[in-house]
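Below is one structure, written out as structure tokens, with a few remarks after it.
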Amino acid sequence: MWNTPDLCDAHPEQAQVLEPLFRDFGGKPAFFGQVVTVHCYEDNSRVKELAGTDGDGKVMVIDGGASLRRALIGDQIALDAVNHGWQGVVINGCARDIHELQRMPIGVRALASIPVKTEKKGLGDVDVPVTFAGQTIEPGMWLYADETGIVVSKEKLFG
């Protein structure tokens, strides 16, 4: 088993720690996987599309520009992600349907919760570098999240 403090201790040069801004909304307290990024702002069209693709062993990292006005994931998208094998989602933005997310076998970290959904306009980019919480996260990196924090690395540190 792994935990983020041990990963930081064992790999001080590789482990990059995200600032502790995120709340845990998912039913899976610890998760890890290879990163797929989404950059979007108050439009979760690309998030919804990506949740319906093979996510086996992957973590979706969503840069929503830290917007606290619209939720980028809710119960329907999360269920689709679960059904397609996604391990978790980290959102620089909001989530909704928290009561449902807490019962799903997926990790969900977000800045806050809000009940308002997005409008789907087809906007956003997939597999682009995103920068938030003090780190630049690139597609293909590895992400490890647990109760202590979130670590990203260019190299696989465990598993």
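What to note about this one:
- For the stretch 65-70, the Karplus equation 6.51 cos²θ - 1.76 cosθ + 1.60, evaluated at θ = phi - 60°, returns couplings of x, 6, 5, 10, 9, 9 Hz by residue, with Gly and Pro reported as x.
- Which of His99, His39, His11 has the fewest Cβ neighbours within 10 Å, and the rest in rising order: His99, His11, His39
- Taking the chain as the region of interest, the number of lysine pairs whose Cα atoms are within less than 28 Å, with members eight or more places apart or on different chains, is 17.
- Convex hull of the stretch 73-159 built on C-alpha atoms - directionally averaged projected area, nm²: 6.6 nm²
- Qualifying trypsin sites (Lys or Arg not before Pro) in the stretch 38-134, DSSP loop, other Cβ atoms within 10 Å at most 11: Arg103, Lys121
- Cβ charges +1 (Lys, Arg) and -1 (Asp, Glu), total dipole of the stretch 4-153, debye: 560 debye
- Per-residue ellipticity at 222 nm from helix content only, as computed over the chain with -39500 (n - 2.57) for each DSSP H run of at least four residues, stands at -4000 deg cm²/dmol.
- Between the alpha-carbon centres of the stretch 79-135 and the stretch 7-33 there is a gap of 16 Å.
- With both labels modelled 7 Å from their Cα along Cα-to-Cβ, the Glu100 to Thr136 distance reads 3.7 nm.
- Selection from Leu143, Ala112, Ala133, by position along the positive dipole direction of the chain (Cβ): Ala112
- Among the listed options (1) 26.8, 81; (2) 15.5, 51; (3) 14.1, 44, the one matching Rg and Dmax of the Cα atoms in Å as calculated from these coordinates is (3).
- Within the chain, the longest run free of GluC sites (Glu not before Pro) that sit in a DSSP loop with at most 14 other Cβ atoms within 10 Å is 14-118.
- Simple spin-label estimate for Val17 and Arg69 gives 3.4 nm between the two label positions (7 Å along the Cα-to-Cβ direction from each Cα).
Quick note: the coordinates plus some simple rules give every number you see, no bench work behind them. Not measured: the values here are computed from a predicted model. Quick reminder, even Gly has a Cβ in these numbers, built from the backbone with ideal geometry, and neighbours come from all protein chains shown.
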